[in-house]
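This report refers to the structure that appears directly beneath it.
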Amino acid sequence: MLIWFLPVFLVFLLVGLPVFFGLLAAPGLLLWMNGQERDITLLYRNVYNGMDSFPLMAIPFFMLAGELMNRGGITLRLVEFSQALMGHLRGGLAHVNVLSSMLFAGLSGSAVADTSALGSMLIPAMEKQGYSRRFAAAITAASSVIGPIIPPSGIMIIYAYVMGESVAALFLGGIVPGVLVGLGLMGMVKLMADRYDFPVASRKQTWGERGQAGLKAFFPLLTPVIILGGILGGVFTPTEAAAVAVAYALLIGLFVLRTLTLKEIPDVLNRAGITSAVVLLLVGAAMAFKTVVSLSHAPEIMAETILALSDNPLVLLFLINLLLFVVGMFLDAGPAIIILGPILGPIFTNLGVDPIHFAIIMSVNLTIGLATPPMGLVLFVAASVSREKVENIARAILPFLAVEIAVIFLVTYIPALSMTIPRLTGFAD
């Protein structure tokens, strides 16, 4: 009977039950119906055990660092720097939106934070320049998925925690795919700008003016250098790196740029605490859900089913990408990784796919799912920020999703895109 845990969970989602409660109610109900009351206790105890992890402490620290950066006006400096570089192009503000997401990705690692912070500034600005509100919201949502791909990444921290992989290797593996998504989106913006005659955001700035904008953004842009440099140099662990990022954000916000005040700190802590609590509760519930996955022997059954379809790794990777894409439409990336990672990872490792490569495939695919209708989380955040209907944004985002799907398959079938940097730095074989 336990093999029905996933269909029951999907039914709960379809009737509107929040993901956290669905992750606990579906297996709990089946265990009770199967007469396994003792395992119900194990299920709910694992909610706490799933969150009680030192590596996972990196997530709330990165969330807090992102909030501090945003509240301290650092996001505005990144946008101004992006506009100095690309504002003169046709469709300039759309390009600025994408480039800002790429830069902001190195600070927060969160698609939701990206959509909220950049969307609140750029969506109204794009609307004033003549872009439709749905297009402005769509490009903001589409580009925000770069946040969890370019390091630091909360999703990759969760994958490393569940699968026992190196966080540093995953962070390095995400750099090229994240940049590819950004360049692909800019390419689509250019095609649309030429076709629909998008406006130019500003005059072409001189190199001196660009240099001044770069100086203003220097300290924020130093954040990912400190984080990655410290992790790769063995100076601190990813969790310690996240804490250093918070200290650095406080330092530059309070004393260097002086754009943050002590009065604002309690509200920043409150917002970061709520966001972190949501993420960690989902992780805890997903780890409990994973207990029933193992009790039901679903990994063995799914492995046999997948391997019966084909013994060609390339065909199987194509099919798994389709599966992950569909899962990403309905389930948040963190819980999806915790549930499916232990099932799918060993299958492809045994077929000769490098575990780091598969981790990047899975992370990128499920991250893009955050912007995929009907349940993509950043679509709802973009709708909230822009006050545009979700269904209108979902239609406008389709060309950008096509680009991101193309990147998924490039990363899947060209391993060098995600493996070259980890190999050159000695974090992968």
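Some observations on this one:
- Of all residues making up the range 64-95, the number that are modelled with pLDDT under 85 and in contact with a Ser or Thr (Cβ under 6 Å, 6 or more places away or on another chain): 3
- For the range 366-406, taking the residues that are in contact with a Leu (Cβ under 7 Å, 6 or more places away or on another chain) and not aliphatic (A, V, I, L, M), the one that is nearest to L122 (Cα to Cα) is identified as F400.
- Tally, over the range 388-429, of residues that are under 15 Å from L317 (Cβ atoms) and open to solvent by less than 30 Å² (accessible area, probe 1.4 Å): 6
- Among the residues listed as I231, I227, I155, the single one being farther than 23 Å from I74 by Cα, among the hydrophobic types (A, V, I, L, M, F, W, C) and modelled with pLDDT under 90: I231
- Annotation: of all residues in the range 296-315 being surrounded by fewer than 15 Cβ atoms within 10 Å (Cβ to Cβ) and of a type in the set (V, I, T), the one that is modelled with the highest pLDDT is V315.
- Pairs where the first residue, in the range 217-233, is among the polar types (S, T, N, Q) and the second is assigned to a helix (DSSP H, G or I), C-beta under 8 Å, 6+ apart: T223/A65; T223/M69; T223/A245; T223/Y248; T223/A249
- Of the helices (runs of 4 or more DSSP H) that lie entirely inside the range 343-429, those containing 3 or more residues that are at pLDDT 95 or above and of a type in the set (F, W, Y) span 398-413.
- Tally of residues being open to solvent by less than 10 Å² (accessible area, probe 1.4 Å), of a type in the set (S, T, Y) and over 19 Å from F104 (Cβ atoms) across the range 142-199: 1
- Of all the residues in the range 11-22, those that are surrounded by 15 or more Cβ atoms within 10 Å (Cβ to Cβ) and in a helix (DSSP H, G or I) number 5.
- Residue list for the range 247-295, filter: open to solvent by 30 Å² or more (accessible area, probe 1.4 Å), under 25 Å from Y161 (Cα atoms) and of a type in the set (S, T, N, Q): T275, S294
The values are calculated or read from the model by the stated rules, or taken from the named source; none is laboratory data. Predicted model, so just to flag it, every value in this text is computed and none were measured. Virtual Cβ from ideal backbone geometry, glycine too; neighbours counted across all protein chains shown. Protein only, heavy atoms only, side chains kept; ligands, DNA and RNA dropped before computing areas. Shrake-Rupley method; radii C 1.70, N 1.55, O 1.52, S 1.80 Å.
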